Structures are given as structure tokens and as C-alpha cells.
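A.B. asks: Have a look at this one.
The values are calculated or read from the model by the stated rules, or taken from the named source; none is laboratory data. No experiment lies behind these values; they were computed from the predicted model shown. Glycine also receives a Cβ, built like all others from the backbone with ideal geometry; neighbour counts cover every protein chain displayed. Just the protein is used for accessible areas: all its heavy atoms, side chains included, with ligands, DNA and RNA removed. Shrake-Rupley method; radii C 1.70, N 1.55, O 1.52, S 1.80 Å.
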Amino acid sequence: MSNVLVFAEHQHKTFSKNALVALGAGKTLAAQSGGECHAAVLGTGIGALATELAKYGVKKVFAVEHAALEHYTADAHAQALSALAEEKGCDIVVGAASSIGKDLLPRVAVRLGAGMASDITEINGDGTMVRPTYAGNAMATISIETPRKVISVRVTAFEPAAAEGQAEVENVAAKIDEGALKIKFVGFNETKSDRPALTEAKVVVSGGRGLKNGENFKTVLEPLVDTLGAAMGASRAAVDAGFVPNDLQVGQTGKVVAPELYIAVGISGAIQHLAGMKDSKVIVAINKDEEAPIFQVSDYGLVADLFKAVPEMKEAVEKLK
Amino acid sequence: MKILVAAKRVPDPNATIKVRPDGTGIVTDNLKFVVNPFCEIAIEEALRIKEKQGGAEVVLVSIGDKVAQEQLRTGLAMGADRAILVLAEGNVEPIAVARAIEKLVAQENPDLVLMGKQAIDDDSNVVGQMLAEMLGWGQGTFASEIKFAGDKGSAVVTREVDGGLEDVEVKLPAIITADLRLNEPRYASLPGIMKARKKELKEIPIADLGIDQGVQVKTHKISPPPARQAGKRVETVQQLVDLLHTEAKVI
Ligand SMILES: Cc1cc2nc3c(=O)[nH]c(=O)nc-3n(C[C@H](O)[C@H](O)[C@H](O)COP(=O)(O)OP(=O)(O)OC[C@H]3O[C@@H](n4cnc5c(N)ncnc54)[C@H](O)[C@@H]3O)c2cc1C
């Protein structure tokens, strides 16, 4: 029997799907080990966040406050989270494999002397877990052999926790040795967008090198994106060329998405790109090269010049409405 | 400034990866191996820092099979000064890699450890963070830019994170892990390759480092991912939109 502590990450005081998915996976793990599932939210002025979290069927929510947690930094958060796990007797710590979870959880694992599994996509009944390796070309079935375990979960692979009950919120003063802190938050340059978040959208339209420049993303792709109410993604080639911001990159080393509908426009379908989108429910490819590998994973493939097809598609979608 | 750079031998990112039928791993026959692309970016960054600051030393380290010499020679040919290969057979867990580098850090006393943010074989993205915690150091992961403060006592690292770019200031010594857009690595020049042959490449059996190699994470089997079938080709945009509406029901 092990109790589970879920790290509920928030970005500047809002929860994203990341927190709820981590909770969902945490509850599964707790049920499996016969322990209880608690959640932790760290920061300053997080009362409202903790209350919100308490609605998702956990046993207890720990609201961990400390001036050093005002902004996310890996060392302060690792100290506070691992101290909390020890104090509350939680042998399993779970979080999302997001940019915060990836940065933080390995440090927590070291502090707790726990084995760590990152980016898992399945939890099996026998205690093993599955994680993709080699850009998703080889699925590893693994088990953590240490008594304490730290696990990061792939957000597209688990259901978010559903609202149920009302847990108790316990305020906890964080244990942080401030003298040991080596990282200082300087600033966050947010990619401003009114569109849904890439990892949460039902529809994602991604553009690749085939778009040729940033201007075409705006004038050709974005009208379709917005008509569909979609999020916009991109291939690495498009990001590297500076057509769109970095955080739109979908793939092995970018974001992993699994929307209802993924439309790849002018993207060849390199394995690193496929690793980030091939679990989408329906995949559409628009590419002028009929040999492009993207067609091998597409449910619907259109061999066409995107500069003609994309505006046409926007018109056709508008007519549906 | 002394910079330690970690470099892993991995399959060529363009190679087709196939799982062995017995589920023990991937097929490695005729597979080309390279320096992990993220490690290559870390090496490049170290060389640029050296070129800018002068007087710096760039030391490469790899943990793996004897054949990883090839990848270290590649790094030396790019311009690194010397290399250390920690000899270990088979699968070395990320935690053991971090522990091995921790020992080398104690021997070498670098001001900075540069690593790739993830190895494209195991895709774990944990070693740099684990190492930072072991050493009690700061970290700047997923770096797309590194700037040193005037006194070099700290660095400002721009990080590629969800929703944008974040800047953090880390005290040195620190661990920085490279993301794709930190730089574009150079190719080794012919004179570089000639020189690399004479550069020091020291080998240390992992057992000599005296680290705990107990199994933390056990791999039971490797399986191919569920296959996705190619669907249909459509002839026109109208047909596509109709099918998405009536058949797939996603718009
Ligand atoms: C370590 C590493 C990590 C990587 N990580 C990622 C990652 O996370 N995500 C990622 O995406 N990539 C990643 N890559 C890069 C990947 O290997 C590919 O290089 C990249 O995905 C290619 O992007 P692309 O498809 O836009 O460009 P290309 O491969 O150049 O394809 C462009 C496509 O556009 C089509 N096209 C051109 N003009 C038109 C037109 N007018 N109409 C219709 N179609 C047109 C072409 O036929 C072609 O298929 C990584 C690579 C490495 C080595």
C-alpha cells in the first residue's frame, strides 16, 4: 500500500489540463496500490487554486506556500515537494510530463531516493508501465523497483480526473533551505494567442516548411485554423526557420498532441514529427508530394498544392456552418 | 572556465527503428550510430563559449560501450580538448549515468556542465536534472540561449517552456541542457579530424567509479507501437470536408 502525491502544476495561477490528467493517473495508481491519493499545489496566494483542486476526488489537498515558490523554479519546488511527500508518507509522486514536470520531477526522484519513470503512456494492472522510446517506435514495458517512485505521465495518454466530492485543504508551510537555492526566475515571455492551447484543443492544424514563410502562416493557414476553432501547431522545420514561435513545435522533442482531428499541412511526416501526433483520432494530410510519409499515417490524404487547397478548405468549412 | 559536456552514442535520427521479435530491444544490425543531436548542440555551445571567452577547456564525457569512442572522437574533431569514456556494458539507467557524471564532476571541478535535454533513444529527459540535484547545483534545462553575467558568477538561460520562453538566472557551477534552437552545430573539419586522433581519450571502467548500480527501473520488454493504417486518398477539398463532416464527424 502506497499513498500517492500528485503535483498539480499551475501556470501563473491557472490549472491547465496537465494538473487534472496527473490527478487522473494518480488516482489510478493509488487505487492499484490500495493507498490514498493526495494533491499538492505550490506557490504563493494559492488558496483559490487549492479549493478548486479539492473538487477532483482526492483525499486531501496540500496548499504549500512559501515566498521562494512565488515563481516556478526547479530547486525550490523540488525541496518543497519532496519534503511534503516525506512528511505525508507518500511513496509515489506523480506529475505531468510537461515542461515543468520534466524539469522538476527528476530532482524530486533524487531527493527521495526514488526510481523514476518519465512520460509513461500506460499503467498496467500488474504494476508495470509503458513508456515510448525511440520517438515512439519502441514501447518499453517497465517497472520501478524502488520502494519510492516518481512518475511523469504523458498528458495525451490519460483521462483528466472528473469532479467528485470535496476534499479537505491543508495549508502547509514549505520546508525550503533558501541558502541552497541557485535558480532565480527572471521573466516569462509568453507566446500570446487567443487560440486554444495546443495540447488541449479538439482540432489542431499544423504547418510545415511547405508554408515557405511566416507571412503564409498568417495569411494562408491561420484563416483555416480560426474557422475550425483550432489550435495551431508546426513542424520543427517551420519553427527553426522562424515562421512561428518555438512552443508550437509538435513532435518527439516538442509537444505531444492527440486531438480529435489533426491536419498536417505542408509537413512531410518525419518520424520525429509523427511521434508528436500519431495518436490523434483522425489525421488529415495535405501535401503536394504523393510519396510523403505523412500519408502513411493519415486517415484522409489530399495530394494538392496547399496554397490552393487550404483557402478552399476554409471556404468549404464555413459553408457547413 | 572549464566545461564538461556529456555526449551519448545513439542511432541516427533518420534511421528506421525496428523492434526485435524477441522483445529484448531494437534491431541494431547495420544501424548507423551518431552523437545524440542534443549532445552535439551542447558540444557546439561549449566550443562557442570557449571561443568567446578564451582560456576555457572543453572536456567530453560519455558513458557506454567501447564503441562510443567514435562519438567522442567526433566531438574532439569538432574542437573539444579531451574526452573521458566511462566503460559500461548494456543498458545504463539514467540515474547511473547521472551518478557517474557526478563522480567525474568531483574529479574535474568544471564551472559548467552542458548536456543535451534528452537522448533520442531512451527519450527520458532526466539525467541533467538528476545530476543537478545530486550536486546541489542550479539548472537551466531546454536552453535556447545562454548569456553570462559580466563576472561569470552566473548565467541567464532562456528556456523553451510550455506557452513561451522563460529566463532564469543560475549560479555557477550549473547544469545547462540544450534544446534544438540553442545553436547549429558545426561539422568537424579535416584538420580537426586529424588533430582529434592525437587528443587524450581516457577510459575508466564504471566499476572504478564506485557508484551504486542497483536496478531502479527494470525493462521487461520492448514492443512495436500499435500500427496506424493509411486511410483513403481524397480527390478534392470538397470531398475531404464532406467526409470529415459526415463520416469522421470531427467538423
Ligand atoms: C533530434 C531531432 C529532433 C527533432 N524533433 C522534431 C520535432 O519534435 N518535431 C518535428 O516536426 N520535427 C522534428 N525533427 C525534424 C524532423 O526530422 C524533420 O526535419 C521535420 O519534421 C521536417 O519538417 P517539415 O515536414 O515541415 O519539412 P520537410 O520535411 O521539408 O517537408 C515539407 C513538406 O511540404 C511539402 N510541400 C512543399 N510545398 C508544398 C505546397 N505548396 N503544397 C503542399 N505541400 C507542399 C513537401 O512535399 C514536403 O513534404 C527533429 C529532428 C532531429 C534530428
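A.B. asks: For segment A:146-182, which positions are aliphatic (A, V, I, L, M), farther than 28 Å from A:ILE120 by Cα and touching a helix residue (DSSP H, G or I) at 6+ places or on another chain (Cβ under 9 Å)?
C.D. replies: A:VAL169, A:VAL172, A:ALA174, A:ILE176, A:ALA180, A:LEU181
A.B. asks: Consider only pairs whose beta carbons are under 6 Å apart and that are at least six residues apart or on different chains; among these, list those whose first residue lies in segment A:295-321 and is within 7 Å of chain B (Cβ to nearest Cβ) and whose second residue is of a type in the set (Phe, Trp, Tyr).
C.D. replies: From segment A:295-321, the pairs are A:GLY301/A:PHE295.
A.B. asks: Taking B:THR74 as the residue in question, decide whether it is within 16 Å of the ligand (Cβ to nearest atom) and part of a helix (DSSP H, G or I).
C.D. replies: Yes, satisfied.
A.B. asks: OK, next. Only one of A:LYS192, A:LYS184 is of a type outside the set (Val, Ile, Thr), assigned to a strand (DSSP E or B), within 14 Å of chain B (Cβ to nearest Cβ) and more than 10 Å from the ligand (Cβ to nearest atom); which?
C.D. replies: Going through A:LYS192, A:LYS184 in turn, the sole match is A:LYS184.
A.B. asks: Additional query: Do we find that A:ALA241 is at the interface with chain B (Cβ under 8 Å from one of its Cβ atoms) and either out of contact with any Gly (no Cβ under 7 Å at 6 or more places or on another chain) or β-branched (Val, Ile, Thr) (or both) in this structure?
C.D. replies: No.
A.B. asks: Does segment B:70-92 hold any residues that are free of Cβ contacts under 8 Å to residues at least 40 places away in the same chain and within 14 Å of B:VAL10 (Cα to Cα), and which are they?
C.D. replies: B:GLY90
A.B. asks: Are any of the residues in segment B:163-175 at the interface with chain A (Cβ under 8 Å from one of its Cβ atoms), outside any strand (DSSP E or B), at pLDDT below 95 and more than 19 Å from the chain's Cα centre (by Cα)?
C.D. replies: Yes: segment B:163-175 contains one or more residues that are at the interface with chain A (Cβ under 8 Å from one of its Cβ atoms), outside any strand (DSSP E or B), at pLDDT below 95 and more than 19 Å from the chain's Cα centre (by Cα).
A.B. asks: Could we say that A:HIS71 is under 21 Å from the mean Cα position of the chain (by Cα) and open to solvent by 10 Å² or more (accessible area, probe 1.4 Å) here?
C.D. replies: yes
A.B. asks: Something else now. Across segment A:1-19, what is the total count of residues that are open to solvent by less than 40 Å² (accessible area, probe 1.4 Å) and part of a helix (DSSP H, G or I)?
C.D. replies: Total satisfying the criteria: 2.
A.B. asks: In segment A:249-275, which residues are near the ligand (Cβ under 9 Å from one of its atoms), farther than 22 Å from A:ILE100 by Cβ, within 11 Å of chain B (Cβ to nearest Cβ) and among the β-branched types (Val, Ile, Thr)?
C.D. replies: A:ILE271
A.B. asks: Look through segment A:221-242, keep the residues that are buried (at least 23 other Cβ atoms within 10 Å of the Cβ) and over 23 Å from the mean Cα position of the chain (by Cα), and return whichever of them is farthest from the ligand (Cβ to nearest atom).
C.D. replies: So, considering only residues that are buried (at least 23 other Cβ atoms within 10 Å of the Cβ) and over 23 Å from the mean Cα position of the chain (by Cα), the one farthest from the ligand (Cβ to nearest atom) is A:LEU224.
A.B. asks: Continuing with the same structure: For segment A:81-98, which positions are buried (at least 24 other Cβ atoms within 10 Å of the Cβ) and in a helix (DSSP H, G or I)?
C.D. replies: Those that are buried (at least 24 other Cβ atoms within 10 Å of the Cβ) and in a helix (DSSP H, G or I): A:LEU81, A:SER82, A:ALA85.
A.B. asks: Could you check how many residues of segment A:20-60 are buried (at least 21 other Cβ atoms within 10 Å of the Cβ) and of a type in the set (D, E, K, R)?
C.D. replies: 1
A.B. asks: Have a look at A:ALA167, A:ALA162, A:ALA114, A:ALA140 and point out the one that is open to solvent by 50 Å² or more (accessible area, probe 1.4 Å), touching a strand residue (DSSP E or B) at 6+ places or on another chain (Cβ under 9 Å) and aliphatic (A, V, I, L, M).
C.D. replies: A:ALA162
A.B. asks: Here's a follow-up. I'd like to check which strands (runs of 3 or more DSSP E) are fully inside segment B:1-66 and have at least 3 residues that are at pLDDT 95 or above and crowded, with 22+ Cβ neighbours inside 10 Å.
C.D. replies: Where strands (runs of 3 or more DSSP E) fall fully within segment B:1-66 and carry at least 3 residues being at pLDDT 95 or above and crowded, with 22+ Cβ neighbours inside 10 Å, they are B:2-6, B:57-64.
A.B. asks: A further question on this structure: Hey, any hits in segment B:237-251 for a residue that's open to solvent by less than 20 Å² (accessible area, probe 1.4 Å) and within 25 Å of the chain's Cα centre (by Cα)?
C.D. replies: no
A.B. asks: Quick one: which of A:ARG131, A:ARG154 is charged (D, E, K, R), within 9 Å of another protein chain (Cβ to nearest Cβ) and buried (at least 21 other Cβ atoms within 10 Å of the Cβ)?
C.D. replies: That would be A:ARG131, the only listed residue that is charged (D, E, K, R), within 9 Å of another protein chain (Cβ to nearest Cβ) and buried (at least 21 other Cβ atoms within 10 Å of the Cβ).
A.B. asks: For segment A:172-184, what are the residues that are open to solvent by 100 Å² or more (accessible area, probe 1.4 Å), more than 20 Å from A:GLY95 (Cβ to Cβ) and over 27 Å from the mean Cα position of the chain (by Cα)?
C.D. replies: Within segment A:172-184, A:GLU178 is the sole residue that qualifies.
A.B. asks: While we're here: Among the hydrophobic types (A, V, I, L, M, F, W, C), farther than 16 Å from A:PRO106 by Cα, open to solvent by 40 Å² or more (accessible area, probe 1.4 Å) and away from every other protein chain (no Cβ under 11 Å) - does that describe any residue in segment B:131-148?
C.D. replies: There is at least one residue in segment B:131-148 that is among the hydrophobic types (A, V, I, L, M, F, W, C), farther than 16 Å from A:PRO106 by Cα, open to solvent by 40 Å² or more (accessible area, probe 1.4 Å) and away from every other protein chain (no Cβ under 11 Å).
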